[in-house]
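For reference, the structure is listed below as structure tokens.
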Amino acid sequence: MTLLRISDLAVSYRGVPAVRDVGFDVGAGEVVAVVGESGSGKSTTAHAAIGLLPRGGRVDGGSITFDGRDLLSLSSRQWRSVRGREIALVPQDPAVSLNPVHRIGDQVAEVLKIHGLADRRSAPLQAIELLERAGVPSPSVRARQYPHQLSGGLRQRVLIAAALAGRPKLIIADEPTSALDVTVQRHILDHLTALAAESGTAILLITHDLGVAADRASRLVVLSEGSVVEEGPSVVSAPTHPYTRQLIAAAPSLSSPSRPPAPAAEALVSVRDLAKTFDGGIRAVDGVSFDIPRGQTLALVGESGSGKSTTARMVLRLETPSAGSISFDGQDITALSGPELRRLRRRMQIVYQNPYASLNPKFSIEDVVAEPLRAFGLPRTSVPSLLDQVALPSSVARRKPSELSGGQRQRVAIARALALRPDLVVCDEPVSALDVSVQAQILALLAELQSSLGLSYLFISHDLAVVRQLADQVGVMREGVLVELGAAARVLAEPEAEYTKELLAAIPGRSVQEVG
């Protein structure tokens, strides 16, 4: 039985078309995934289906029916009885979606009270039961906590609990795990799909990750530039449209062979027994040792809180180690300070995770790239060649970061990191905020720059599928400890540590690879 039917949908934002003639069905109890890059129209389609288009958005044509009811004709008052009760939304960012000043239990209980499913006395108890169903440990304790006291994975489980509260027939999950580690992502999606199956609830999954879609959905709908280009149950295993094939080729979880073995080289960076203890006795890094050879890449992989970024910050001397030593180009830099540390900064640079946050929005692109040159009193004449090096046209120099796409901004961040001609570049989750096709372009660029400039990389990631394209060595961290270290080909093909095996098993799309 068809539950949701979208036909010939057209949506625009202030007159600019965003969705054109989109149509597909979702059956009762079915999991359907809508996939595509940012700007493809997938979230716009989902938000139109739940009556939550952003300001400026307008449905220009087509129809959306739910359980035989015309959703586009509903008044605001009528929507209140549908939204949350019959159609629920699990949004992308729980940090934005949860009220920071209200307790977790109160926010889930509010959904029950709004829809008349509980009164003031019974709602708190039912909220705890919902949190438990959504996989929140110690739910009675968590119910009394605030959002900032929970991890990203637990906050996402709270949103699932709130979505389940109204016992809806359809859950729209809009990129529900895109900001989470792969193991947490797997647990969240396992739980969401199991709960939906248990209650007969349908799921419309919005994602840019074809691997996630292939693992979870019985049918995929591929959107490009606001239109459906392909639909069916075998989209990933037997794609027919060039855009779908492009997405599959770019997805690290569905393709990306390991890098060939690197020749032996002397160490540029040597880390021995490195440790960091923060105030309160929190041991963030515990006895970590590794080398980064010249011109090669060491990837440190692990979940949030594993200590990988803290380790990188100590290598850069942005954090002071509590114990252990760091050697750079044969010099002990563990306790370096003052002018000597400043001189070292020229040889070590960093590319951060989020290109939206790491670039000064008030600066022109030319000023952003020239900032390190200015800091060291160097001429800015090299800016055009730096932009060219990262395949950006010289015309972007006069633009602001807000005028560029995410991939272009990350190219600017890389150009800025190269401005001082460093020997070592730390890449801290540099592609996790990007679509898979843009992700592939940035990884290819980093590999090309390494080859042409002889750069060494310390690459920080939570995703083993990503690092296989760039890493010569892989170190796997858990709770501050390096649990496995070795050549990338060996670690990815024949892991020794159980935790490494768990990370590999959590890579989305592996079932598709095995079938193929």
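The values are calculated or read from the model by the stated rules, or taken from the named source; none is laboratory data. No experiment lies behind these values; they were computed from the predicted model shown. Please note: Cβ atoms are built from the backbone with ideal geometry, for glycine as well, and neighbour counts cover all protein chains shown. Note: areas computed on protein heavy atoms with side chains; ligands, DNA, RNA excluded. Shrake-Rupley method; radii C 1.70, N 1.55, O 1.52, S 1.80 Å.
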- [ ] Looking at the chain, send over the antiparallel percent of its DSSP beta bridges, to the nearest 5.
- [x] 55
TODO: Return the long-range amide H neighbours of L3 (sequence gap of 5 or more, or a different chain), with a cut-off of under 5 Å between placed amide H atoms.
DONE: V26, G27, A28
Task: D60-D388 pseudo-label distance in nm [points 7 Å out on the Cα-to-Cβ vector] - done: 4.1
Open item on the list: Positive end of the dipole of region 267-514, charges at C-beta (+1 Lys, Arg; -1 Asp, Glu), about the Cα centre: which of A375, V436, S452 has its Cα farthest in that direction?
Closed with: A375
TODO: Mind running the shape call on region 363-430? Use the C-alpha gyration tensor, a ≥ b ≥ c as the square roots of the eigenvalues: rounded below 1.5 for a/c, prolate if a/b tops b/c, oblate otherwise.
DONE: oblate
- [ ] Would you calculate a helix-derived [θ] at 222 nm for the chain, using -39,500 (n - 2.57) for each DSSP H run of n ≥ 4 and dividing by the full residue count, to the nearest 500?
- [x] -10000 deg cm²/dmol
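FRET efficiency for V141 and A375, Cβ-Cβ distance as r, R0 = 51 Å, nearest 0.05?
On the way: r = 48 Å, r/R0 = 0.93.
Efficiency, rounded to the nearest 0.05: 0.60.
Calculate, for D106 and A262, the FRET efficiency according to 1/(1 + (r/R0)^6) with r their C-beta to C-beta distance and R0 60 Å; round to the nearest 0.05. It would help to have the intermediate numbers written out before the result.
Details: r = 54 Å, r/R0 = 0.91.
Efficiency, rounded to the nearest 0.05: 0.65.
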TODO: Provide the FRET efficiency to the nearest 0.05 for the V481-D329 pair, computing r from the beta carbons and using R0 = 25 Å.
DONE: 0.40
Open item on the list: Can you give me the distance in nm between label points at R347 and Y13, each placed 7 Å from the Cα along the Cα-to-Cβ direction?
Closed with: 4.6
Task: region 12-21 - phi-based ³J(HN,Hα) in whole Hz, Karplus 6.51/-1.76/1.60, Gly and Pro as x - done: 10, 10, 6, x, 8, x, 10, 9, 10, 6
Task: Cα principal axis extents for region 265-323, largest first, Å - done: 40, 23, 18
Open item on the list: Taking all protein chains in place and a 1.4 Å probe, what share, in percent, of the accessible surface of the chain do carbon and sulfur account for?
Closed with: 48
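Over the chain, what is the relative contact order in percent, taking alpha-carbon pairs closer than 8 angstrom and at least six residues apart? It would help to have the intermediate numbers written out before the result.
On the way: 1048 pairs, mean separation 82.9, N = 516.
About 16 percent, as a whole number.
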- [ ] Arrange the peptides 73-85, 411-423 so that the one whose residues have, on average, the most other Cβ atoms within 10 Å appears first.
- [x] 411-423, 73-85
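Over region 267-514, what is the relative contact order in percent, taking alpha-carbon pairs closer than 8 angstrom and at least six residues apart? Write down the numbers at each step before the final one.
Working: 454 pairs, mean separation 65.9, N = 248.
Once divided by the residue count of region 267-514, the mean separation gives 27 percent.
Based on the mean of other Cβ atoms within 10 Å per residue, sort peptides 158-170, 93-105 so the most packed one is first. Walk me through the numbers on the way to the answer.
On the way: 158-170: 23.9, 93-105: 16.2.
Ranked from most to least packed, the peptides come out as 158-170, 93-105.
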Task: Charge-dipole axis of the chain as Lys and Arg at +1 and Asp and Glu at -1 on Cβ define it, positive-most pick from S151, G287, G61 - done: G61
TODO: Determine by what factor the alpha-carbon radius of gyration of region 267-514 differs from 2.2 N^0.38 Å, reporting the quotient.
DONE: 1.01
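Keeping every protein chain present and rolling a 1.4 Å probe, give me the accessible area per residue for region 98-167 in Å².
On the way: 3520 Å² over 70 residues.
Here the residues of region 98-167 average 50 Å² of exposed surface.
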Open item on the list: For region 267-514, give me the percentage of DSSP beta bridges that are antiparallel, rounded to the nearest 5 percent.
Closed with: 55
Open item on the list: Quick check on packing: order 322-328, 258-264, 486-492 by the mean number of other C-beta atoms within 10 Å, highest mean leading.
Closed with: 486-492, 322-328, 258-264
TODO: For the chain, find the longest principal axis of its Cα atoms and tell me its angle to the long axis of helix 123-133, 0 to 90°, nearest 10.
DONE: 60
Open item on the list: Please report the spacing between the Cα centers of region 327-385 and region 131-168 in Å, no decimals.
Closed with: 41
TODO: Find me the longest stretch of the chain that has none of the exposed GluC sites (Glu not before Pro), where exposed means in a DSSP loop (not H, G, I, E or B) with at most 14 other Cβ atoms within 10 Å.
DONE: 1-265
Task: Residue-span extension gain [R399 to S337] - 0.36 nm each, minus C-alpha spacing - done: 18.7 nm
